[in-house]
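Enquirer: Sharing a structure here in structure tokens format.
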Amino acid sequence: MLSVIDRVLGLIGALLEIALAAVLVRGRIWRKGFPFFFLYICYAIIYVLGLLLVATFSNRQTYARIYWIAQAGYALLGLAAMNESFRQVFAVYYFRRRWFQLLVPGVVFTILSISVWKWLSHAPIQAGPLTVAYISFDLAMNYMLAGVFALFGILAIFWRPPGQSRAFAILFGFGLFSVVGMIADALRSDFGTKMNSIFSYSSAVAYILASAIWLRAFIRKEHRGPQQADSTPDPGELLNLLTRHTKELDKNKKANRWK
């Protein structure tokens, strides 16, 4: 069911996630803007260790059933964590441009729709129904995560948001293992069993690298710009303050006209 390499990679990933969860709790960082990411890490720890136990003491059918159920929550929490960091990086634009709120849901819905259509109309070669469903779901999850990361990259190039090293690291980590997983699933879908080794281990290695990136980002003190040296201002408060000042200027201009 699971090879020795699968178990070793799973344990390495779980240890990194446990260390990351400890850092988040110890510094109370999870309360300061990363609650969904913290939930994702806690879920990932339970997910990996639980699957290892099921693989050891249960049969293949039970393992597959639990895996499928767990993967759905894994994907939803991953998207929520990415959206959380995305909103932090582009917080000001969410207040000034209402259409920003539709970007991430729009990308997710579009990719999910395309994945479902492809699943129903194009079946991978050399695969049974369960394998087709597994590959299609895995591809859809990775495509959605990679799509949000691509959206972030494009917007970051054009808008150049202020540096937030932790939010950037979270998005980059998700982007890394989702792109690698997407490529591995695509190779497995196109070439069948010839790509089993890549399909089996590349995603796990990429996830370990992503976990190391996250751990490094939260251990280090977050880099802030000069305007963020003492505290992080609320974009909503800044926008309200700017609006009040604008209204005051308009009133002064009108008063001067009547003098």
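Enquirer: Could you give me the ³J(HN,Hα) list for region 54-65, computed from phi with Karplus coefficients 6.51, -1.76, 1.60 and θ = phi - 60°, whole Hz, x at Gly and Pro?
Expert: Couplings: 5, 5, 7, 10, 10, 9, 5, 5, 5, 4, 5, 5 Hz.
Enquirer: How do Ile41, Ile183 stack up against each other in accessible area, from largest to smallest, with a 1.4 angstrom probe?
Expert: Of Ile41, Ile183, the descending order of accessible area is Ile183, Ile41.
Enquirer: Turning to a different aspect of this structure: Order Leu171, Leu2, most accessible first, counting only protein heavy atoms with a 1.4 angstrom probe.
Expert: These residues rank, largest area first, as Leu2, Leu171.
Enquirer: So for region 1-82, averaging the separation of alpha carbon pairs under 8 Å that are six or more residues apart and normalising by length, what relative contact order in percent results?
Expert: Reported relative contact order: 37 percent.
Enquirer: Provide the per-residue ³J(HN,Hα) series for region 43-49, in order, calculated from phi with Karplus coefficients 6.51, -1.76, 1.60 and θ = phi - 60°, each as a whole number of Hz, with x at glycine and proline positions.
Expert: With coefficients 6.51, -1.76 and 1.60, one gets 5, 5, 4, 5, 4, 5, 5 Hz.
Enquirer: Simple spin-label model, 7 Å along Cα-to-Cβ: Lys32 to Arg96 in nm?
Expert: With each label point 7 Å from Cα toward Cβ, the separation is 2.5 nm.
Enquirer: Right, next: Enter the Cα centre distance for the pair region 14-39 and region 50-119, rounded to the nearest angstrom.
Expert: If we compute the Cα centre of each part, the gap is 19 Å.
The values are calculated or read from the model by the stated rules, or taken from the named source; none is laboratory data. Only a predicted model underlies this, so the values are computations on that prediction, with no experimental measurement involved. Quick reminder, even Gly has a Cβ in these numbers, built from the backbone with ideal geometry, and neighbours come from all protein chains shown. The area values use the complete protein model at the heavy-atom level, side chains included, leaving out ligands, DNA and RNA. Shrake-Rupley method; radii C 1.70, N 1.55, O 1.52, S 1.80 Å.
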